[in-house]
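Student: To start, I am sharing the structure in question, which I have written as structure tokens.
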Amino acid sequence: ARQASSAPPSLQSQQASGELWRRDFPILDQSVHGHRLVYLDNGATSQKPETVIRALDDYYRSYNSNVHRGVHALSARATAAYESAREKVAAFVGAASSREIVFTRNASEAINLVAQTWGTATLRPGDEILLSVAEHHSNLVPWQMVAQRTGAVLRHVPLTKDTEELDMAAFHDLLSPRTRLVALVHVSNMLGCIAPAAEICEAAHAVGARVLLDCCQSVPNMPVDVGRLGADWIVASAHKMYELLESMPPWMGGGEMIQDVFLDRSTYAAPPSRFEAGTPAIAEAIGLGAACDYLTTLGMHRVDAYERELGAHLHEQLQAVPGVRIYGPGPEEGVGRAALASFNVDGIHPTDISTILDQSGVAVRSGHMCTQPLHRELGISASVRAAPYLYNTKHEVDVFVEALKEAISFFTM
Amino acid sequence: ARQASSAPPSLQSQQASGELWRRDFPILDQSVHGHRLVYLDNGATSQKPETVIRALDDYYRSYNSNVHRGVHALSARATAAYESAREKVAAFVGAASSREIVFTRNASEAINLVAQTWGTATLRPGDEILLSVAEHHSNLVPWQMVAQRTGAVLRHVPLTKDTEELDMAAFHDLLSPRTRLVALVHVSNMLGCIAPAAEICEAAHAVGARVLLDCCQSVPNMPVDVGRLGADWIVASAHKMYELLESMPPWMGGGEMIQDVFLDRSTYAAPPSRFEAGTPAIAEAIGLGAACDYLTTLGMHRVDAYERELGAHLHEQLQAVPGVRIYGPGPEEGVGRAALASFNVDGIHPTDISTILDQSGVAVRSGHMCTQPLHRELGISASVRAAPYLYNTKHEVDVFVEALKEAISFFTM
Amino acid sequence: MATPATRLGVEAVRANPMAPPKARYKQLLHFASRLDPLPAEFHTPEHKVEGCVSQVWVAAQLDRAANTLSWRADSDSQLTKGLAALLVVGLSGLSPQETVQISPDFITSLGFQQALTPSRNNGFLNMFRLMQRKALDLCLLQGGKAGASPGHGPGAATTGAAAGEEAAGPGRPRGGGEAAPQPGDAAAEPSASEQQHMGPVAASMRRKLQDAFQPLRLELVDESGKHAHHAGVRSMGKAGQKGETHFALSIVSPRFQGLSTLKRHRLVYASLAEELAGSVHALQMNTQTPEEAGVV
Amino acid sequence: MATPATRLGVEAVRANPMAPPKARYKQLLHFASRLDPLPAEFHTPEHKVEGCVSQVWVAAQLDRAANTLSWRADSDSQLTKGLAALLVVGLSGLSPQETVQISPDFITSLGFQQALTPSRNNGFLNMFRLMQRKALDLCLLQGGKAGASPGHGPGAATTGAAAGEEAAGPGRPRGGGEAAPQPGDAAAEPSASEQQHMGPVAASMRRKLQDAFQPLRLELVDESGKHAHHAGVRSMGKAGQKGETHFALSIVSPRFQGLSTLKRHRLVYASLAEELAGSVHALQMNTQTPEEAGVV
């Protein structure tokens, strides 16, 4: 396993980390169908530590109020907490300023925001948008819509045949002066492969293209520094870069996003307000701030190191199960992989696997994981995904693998 | 005060309601600047009862999970709770089916959704959109944007000079076969006036126009029945009618809103999923469901009756303060008014008033309340708004009025 | 007529509601193993159940002599296949008319739902809905002179029914990988004439047409005003003060593919039987396939 | 030079941080009452502070002989007027050069922030920023031959300064209710040439230009590549391996209104003084007002 770059704890203490950290997550302490819950569906949603839950609870019990507009004490407290969350998020991803952070409803909305403002205003017929076959639907559909509207053309980077990572040779071949945007997933939510962000950004910028990175699976799991990545926008629940925001026209009208409203026209506020129409998700922003605090206290390098250790163990154990085929690169191949593992078992439908695993208290995801084109590319209609997070342990991985073996014999016996 | 239509409690017991109900709201039990908090900023955000706070807390502690896609126990529980919240909201507003309910981020997004899908697809140059001068920015800016894009023309219903309500004579004059949409506020967040919804819908439908009602200030405060209102869409944090949804093209791409995704094109799911791209605000939807339960248990007719009683008291006490000018119709004029009261005091800036009120623990709103055109219409730049809710009492109204008198002497002494 | 619940009694008893879910799943595997195979030629969009977590196909065969349907199904998921088997056993042997009259509530009586997640339950219901829609198609075609048989399905001879007619929606594109147009592919913009306010009868008609035809375009105009001189009509009980008596309908749906105008009208009449028996006494119709309407 | 904090010492001491907020508000009312009036002619967009909960106007007058600014302000809110009075007292008497060098941090030293809500604090900061911007304009114009004086403001004679020059941004539209174009009215689409990746120097330049001019369009192209043969340049310390030495700038801003090309260039040079003293050794400029660029 790769070691963390700053003062990595020993493997022993890393192993202890999960046991220690999981105590902060009250939801994990429950039984499902008579078995202790093993939650491995973190690619879909991860659990919230006690500090985040308390931050939300405290908000509603003590200072729930609309932000920005009020002059009374509660409103002042809510505004301060909301904007301090923006600061925390900025620091967490290494943004130059909290003004670079836009809170959106989710990553889908964030990509739509870029597509429908920058995309619609900038793209011309024949301009090319470079995506990959491994993109989440949220990073495909918005560009299909904008391509249809502007006449821009979509291109897709394929996977390498052997390691099932982004084919960087093909990427460089596809990149041309016609490319106006490169929009790629940083860590694939299905393959687990990690895109070489610096190489991508440098090459894209050299031909004058903008880069959007979908960092949904990287920001919570490894240290991500926007400045070092070099992307123009990163999306991860809600983060984008500021400079470009200035030049993007507004999208949704209403609420905080205006400067002056007349009956027939309006002037718009500066970012990030311009893109945050209506009353925002105040409690959630504050909770996100608390989550950043929590992860910062743990240390993202430690989280990353522990997850790599855990991911390697998962890969190794899973690979040893007869009939199992794991997608994406191995932990030692290329840039390596994230801790998650998507797989199939010969002759058994992934949904049947996850149903029986659930009976053993093991929560995994099955389906196309919002990557239908990638599944088509791999010649399958669905897969199972086990995605551990910082609060999972090697022991839980072993429980999962045992339950998987039982499930297989359930269907084949 | 108007009596509730079904088994109205006596005024005595109504008065007791506020005292009783407020115990359900933990946030109210606090001191601000050494005074017991009097929260009268409910037009901006109202407080959450214990049951709602517990529903959120319980979600994060017990079954936080992504909805729709998972097959494990936690996901099943979250999905059931999320969809049951949709049912509760449908029942609460009298929608024919839960499929008519779309959860959006806020009312601003809901109006933008209608404007950017139905509006963009339907409106032609010369078509008219009928708004009023009293609209919230969220019901002005989206239509300005869509008018600019489609060549449609905006018209605005003025106020009556005497009572400062919507001028219905002018409404009928402005309505014509060119009118394609009537988008009006049901209860004004500044004037408190109540629009005659049935009359508006009937007249609009007679000329073939659609009707959107902004019910943000009515749904939480009085019984609202979508069927009886007769509007095509109502917006109140997140509610719209289904039939039309079928014919609206999708808006944001990604997540749950698709049926099949290919690299170059996609087919879209049926509403409401079509309009809910990405991971939704699950906890919040569940909290909303709990809020519907809470209000249903209290009984919206009782809430309405109590608020009318409270509003009349507020109006009476406020009007008696020298130099105070209240905007909008009186409680006995026209259709009457909601409990809120926006006002100004001769020679003192509204923000200065609210700042000094805050020192007495009284939280009110000051500013333009996102209705700049309405303020311009009234010849003012800002106002103060006291907006009581079901947990406020007559005693609190008296505390507020006393604090206001003190604030006035603070500035004029 | 034996209700499906009774027919499924044997299975339902075995599906003891007190049994732990894992035992129920084992039963589903057992049902799946007993299911007659559905040849790969039937794995086409016309037989596919939408909205399932896995792929499911169902096909019907009509025994004209006995007027009974026999069903076959397949799925790439073993558990889903078990659920499909329950429906195949429960619904085979019923007439098309009996099949369409079954309330989806019977699914709950099977006692399997507690063991299923919302998405699987939803898939279960969708299977049943597709089976009912296929039965309805047959039902309506039977209602009139069925005319020239639209041809035998590829598997028609294999099940030994006397006069097999493959019943997966007459005239739909057969075989091949060609995807049928999906509802939602194109979204119809409401026309100016259709923008009028709808009465309760119109609303109900719209809902039924929507459900039955999943139309790409649906315009329903209440023209009762034009006929307001029918004073008698206005006072006719159900029509009430709304006087919803005359309608003009324009509808585009892939379900009309390969059907004559007469058959299309019959399908529409059948879906609106209740309203036509009630207040509505005139319905002018324009029925088109997406190709005819130029929307695909 | 006396720091503003010292200048405000008298007031700051009186604004005892231990006093309850209400007492502090009383002080603000007192300050407000002592503020010299700002005639209504100055209640125009050019003097207006944006982003305040109430309306605030500030105007400066330059005493050329002494090279000091004197400030006046007004607000429709008494408390805000009290805050404005603090700044007027604190900043009057300083030279434009001294004024622009003050860090906004000094506002905290006034000890009023605890008593203020975030929106009022923000307004407080915005007042200070507008005052600094006005000082900067004067500062930069002084730097060169100021040329023909752009005319005296309406209130220039009333304050008795020796050679009053109203300093609210030279050449901006005066008086009347005519609204100045706001930043954000039109959003510039980044041009293809500007889409290249920016180095740290370019990013810093962009940020400064953005802040100083609130441009409606801003294109900054690093043309250092074209000049790569300047081997000496490439190895020049600060320019480093990035070699950010040659730039082409195209900028549209309302702040150029009424200014000669020379003055516009001087404004730009002044805002980029640091970079021009460092690695950047060539800056080609195209400066336009929104009218000239045809974007209003």
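The values are calculated or read from the model by the stated rules, or taken from the named source; none is laboratory data. From a predicted model like this one, the values you see are computed outputs, not experimental measurements. For neighbour counting, all protein chains shown are included, and Cβ atoms are generated from backbone atoms with ideal geometry for every residue, glycine included. Just the protein is used for accessible areas: all its heavy atoms, side chains included, with ligands, DNA and RNA removed. Shrake-Rupley method; radii C 1.70, N 1.55, O 1.52, S 1.80 Å.
Student: For region D:23-81, restrict the atom set to alpha-carbon positions and state the Rg and Dmax in Å.
Tutor: 12.8, 40
Student: Given H placed 1.01 Å from N in the peptide plane, which residues other than close sequence neighbours of B:HIS156 have an amide H under 5 Å from its amide H?
Tutor: Residues meeting the criterion, in which the H sits 1.01 Å from N, are B:LEU131.
Student: Checking the table B:LYS405/D:LYS26; A:LYS405/C:LYS22; C:LYS22/C:LYS48 against a 20 Å threshold on Cα-Cα, which pairs fail? Walk me through the numbers on the way to the answer.
Tutor: On the way: B:LYS405/D:LYS26 16 Å; A:LYS405/C:LYS22 15 Å; C:LYS22/C:LYS48 27 Å.
Those over the limit are C:LYS22/C:LYS48.
Student: To continue, here is another question. Considering all projection directions equally, how large on average is the shadow of the alpha-carbon convex hull of region A:72-226, in square nanometres?
Tutor: Over all viewing directions, region A:72-226 projects a mean Cα-hull area of 10.4 nm².
Student: If the label for A:GLU332 sits 7 angstrom from Cα along the Cα-to-Cβ line, what are its distances to the same label in every other copy, in nm to one decimal, shortest first?
Tutor: Relative to the other copies, A:GLU332 has label-point distances of 9.0 nm.
Student: Place the label 7 angstrom along Cα→C-beta at A:ALA169 and in each other copy, then list the distances from the first to the rest in nm, shortest first.
Tutor: Going from nearest to farthest copy, the values are 8.2 nm.
Student: Still on this structure, I have one more. Quick one: net charge around B:ALA55, please, counting Lys, Arg +1 and Asp, Glu -1 for every other residue with C-beta under 12 Å from its C-beta. Please list the in-between numbers first.
Tutor: On the way: positive: B:LYS48, B:ARG54, B:ARG61, B:LYS88; negative: A:ASP57, B:GLU50, B:ASP57, B:ASP58, B:GLU284, B:ASP293.
Around B:ALA55, the surrounding residues sum to -2.
Student: Turning to a different aspect of this structure: What FRET efficiency comes out for the pair B:HIS395/B:GLU50, r = Cβ-Cβ distance, R0 = 25 Å, nearest 0.05?
Tutor: With a Förster radius of 25 Å, E is 0.70.
Student: What average count of beta carbons from other chains do you get within 10 Å of the Cβ of residues in A:74-81?
Tutor: The per-residue average across the peptide is 5.
Student: Using the Karplus curve 6.51 cos²θ - 1.76 cosθ + 1.60 with θ = phi - 60°, what ³J(HN,Hα) values do you get for each residue of region B:344-361, in whole Hz, with x for Gly and Pro?
Tutor: Couplings: 9, 10, 3, x, 10, 5, x, 5, 5, 4, 5, 4, 6, 4, 4, 5, 9, x Hz.
Student: Across the residues of A:144-150, average count of Cβ atoms on other protein chains within 10 Å?
Tutor: Average neighbour count from other chains, rounded to a whole number: 3.
Student: Going by average Cβ density within 10 Å per residue, which order do the peptides D:262-274, D:68-80 take, highest to lowest?
Tutor: With the highest mean Cβ count within 10 Å placed first, the list reads D:68-80, D:262-274.
Student: Among B:217-227, C:279-289, how do they line up by average Cβ neighbours within 10 Å per residue, starting with the highest? Walk me through the intermediate numbers first.
Tutor: Working: B:217-227: 20.9, C:279-289: 17.2.
Put in order of decreasing packing, that is B:217-227, C:279-289.
Student: Leaving out ligands, DNA and RNA, calculate the buried accessible area for the pair A and B with a 1.4 Å probe, summed over both sides, in Å² to the nearest 100.
Tutor: The summed interface area works out to 6600 Å².
Student: Counting only protein heavy atoms and rolling a 1.4 Å probe, how much accessible area do D and B lose on contact, total for both sides, in Å² to 100?
Tutor: By this definition, chains D and B bury close to 1100 Å².
Student: Does a label point 7 Å from the Cα of A:GLU402, set along Cα-to-beta-carbon, have any residues of region A:344-384 with amide nitrogen under 18 Å, and which are they?
Tutor: Answer for this model: A:356-364.
Student: Taking 45 Å as R0, compute the FRET efficiency from the Cβ-Cβ separation of B:GLU202 and A:ARG376 and round it to 0.05.
Tutor: 0.30
Student: Continuing with the same structure: Quick one: with label points 7 Å out along Cα→Cβ, list the inter-copy distances for B:SER31 in nm, shortest first?
Tutor: Once sorted, the set of distances for B:SER31 reads 4.8 nm.
Student: In whole Hz, what ³J(HN,Hα) sequence does region B:384-397 give by Karplus (6.51, -1.76, 1.60; θ = phi - 60°), x for Gly and Pro?
Tutor: After applying 6.51 cos²θ - 1.76 cosθ + 1.60, I find 9, 10, 9, 10, x, 10, 4, 8, 8, 10, 4, 4, 5, 4 Hz.
Student: Same structure, new question: Which order do the peptides A:396-402, B:142-148, B:364-370 come out in when sorted by mean C-beta neighbours inside 10 angstrom, highest first?
Tutor: B:364-370, B:142-148, A:396-402
Student: A further question on this structure: Using DSSP to call loops (not H, G, I, E or B), can you name the trypsin sites (Lys or Arg not before Pro) in region A:122-189 whose Cβ has at most 12 other Cβ atoms within 10 angstrom?
Tutor: Values: sites: A:ARG149, A:ARG155, A:LYS161, A:ARG178, A:ARG180; in loops: A:LYS161, A:ARG178.
In loop regions of region A:122-189 (DSSP not H, G, I, E or B), the sparsely surrounded trypsin sites (Lys or Arg not before Pro) are A:LYS161.
Student: Given charges of +1 on the Cβ of Lys and Arg and -1 on the Cβ of Asp and Glu, with all other atoms neutral, how large is the dipole of region C:28-102 about its Cα centre, in debye to the nearest 20?
Tutor: 140 debye
Student: Please list, ordered by chain and number, the residues whose modelled amide H lies under 5 Å from the amide H of D:VAL56; skip anything fewer than 5 residues away on the same chain.
Tutor: When sequence neighbours closer than 5 places are left aside, the close amide H contacts are D:VAL49.
Student: Give a residue-ordered list of calculated ³J(HN,Hα) values for region B:142-149 (Karplus: 6.51 cos²θ - 1.76 cosθ + 1.60, θ = phi - 60°; whole Hz; x for Gly, Pro).
Tutor: Whole-Hz 3J(HN,Hα) from phi for region B:142-149: x, 6, 4, 4, 6, 5, 4, 6.
Student: Determine the gain in length on full extension of the stretch B:ASP173-B:GLN319; use 0.36 nm per residue of separation and subtract their C-alpha separation, reporting nm with one decimal.
Tutor: Computed gain between B:ASP173 and B:GLN319 is 49.2 nm.
Student: Amide H of B:ASP41 versus every other amide H placed in the peptide plane: which residues, excluding those fewer than 5 positions away on the same chain, fall under 5 Å?
Tutor: Under 5 Å from the amide H of B:ASP41 lie the amide H atoms of B:ALA387, each far enough along the sequence or on another chain.
Student: Partner chain Cβ atoms within 10 Å, averaged over the residues of A:356-362 - can you pull that number for me?
Tutor: Mean partner-chain Cβ count within 10 Å for A:356-362: 4.
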